[in-house]
Amino acid sequence: MTVYLHEEDLPAGVLGDGPLAVDTETMGLITPRDRLCLVQISDGRGDEHLVRFGPGSSYDAPNLKAVLADPGRVKLYHFARFDLAAIEHYLGVEASPVFCTKIASKLVRTYTDRHGLKDLVRELLGKEISKQQQSSDWGGTVLSDAQQEYAASDVRYLHAMHEILTERLAREHRTAAAEAAFAYLPHRARLDLLGWSDKDIFSHES
Ligand code: MN
């Protein structure tokens, strides 16, 4: 198990076939303001690849964009809505088809309101991940070992959770609901970018 740090693009041919776990780190929560600093990717075989973008980046990353945009590869996220918006805004691609572990968790783990990655990894896999570096400065010239380990751990368990949550969705007869929600996610992310991030257009309220 190795964490690889790459600058400005993913090298060609480093990923195996199948679903990809994807996460992003940014300068903050307002996507058009807070630049994309890091994209983490794993093919689920044990290595994590971190692709870092500098402050003046052109986000010209053909290898990374090709795998993210590949319609034949499912992308696994935890809270895909945020990552899809950041990827669309900065890299200009729709990183779908999508499986979101947070939405899957909300659809099957109705006995709790704890759907954070840390809680999910603990309950489903019995592992502990640290969230200590979550709010750190991802825009610096050097990423600390702790930051790299944190960034990698955010994609490390998504394949295993995808497997469990897929079974749980089937068991509770919510696969179709999940698939419809996942298919809508790129559109939801686009509404966020257009200015409807804190509005629910399905709500009766204005
Ligand atoms: Mn993350």
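The values are calculated or read from the model by the stated rules, or taken from the named source; none is laboratory data. Being a predicted model, the structure only gives us computed values, none of them experimental. So basically every Cβ, Gly included, is an ideal-geometry build from the backbone, and we count neighbours across all protein chains shown.
State which residue pairs qualify: first residue closer than 12 Å to S42 by Cβ and inside the stretch 155-169, second residue modelled with pLDDT under 95 in any location, beta carbons under 8 Å apart, and separation of 6 or more residues or different chains. Within 8 Å, the pairs are R156/I129; Y157/I129. A count restricted to the stretch 75-93 and to residues that are among the hydroxyl-bearing types (S, T, Y) and under 15 Å from G116 (Cα atoms) stands at 1.
In the set (1) more than 13 Å from the ligand (Cβ to nearest atom); (2) over 22 Å from G46 (Cβ atoms), G116 fails one condition alone, (1). Of all residues in the stretch 30-48, those satisfying the criterion of being within 14 Å of the ligand (Cβ to nearest atom) and either in contact with a Ser or Thr (Cβ under 8 Å, 6 or more places away or on another chain) or among the aromatic types (F, W, Y) (or both) are D34, L36, C37, L38, V39, Q40, E48.
Among the residues of the stretch 76-125, the ones that are in contact (Cβ under 8 Å) with a residue 40 or more places away in the chain and at positive phi come to 0 in all.
When every residue of the stretch 18-29 is checked against the conditions, none turns out to be more than 16 Å from the ligand (Cβ to nearest atom), of a type in the set (A, V, I, L, M) and in a loop (DSSP other than H, G, I, E, B). Considering the stretch 40-54, and only residues there that are part of a loop (DSSP other than H, G, I, E, B) and small (G, A, S), the residue that is surrounded by the most Cβ atoms within 10 Å (Cβ to Cβ) turns out to be G44.
Scan the stretch 168-180 and give yes if some residue there is within 16 Å of the ligand (Cβ to nearest atom) and touching a Phe, Trp or Tyr at 6+ places or on another chain (Cβ under 9 Å), otherwise no. Talk me through it step by step, then tell me what you get.
Let us first name the residues in the stretch 168-180 that are within 16 Å of the ligand (Cβ to nearest atom), namely none.
There is no residue in the stretch 168-180 that is within 16 Å of the ligand (Cβ to nearest atom) and touching a Phe, Trp or Tyr at 6+ places or on another chain (Cβ under 9 Å).
N63 falls short on exactly one of the conditions (1) within 12 Å of the ligand (Cβ to nearest atom); (2) on the phi < 0 side of the Ramachandran plot, and that condition is (1). Of all the residues in the stretch 93-124, those that are closer than 21 Å to W196 by Cβ and more than 16 Å from the chain's Cα centre (by Cα) number 1.
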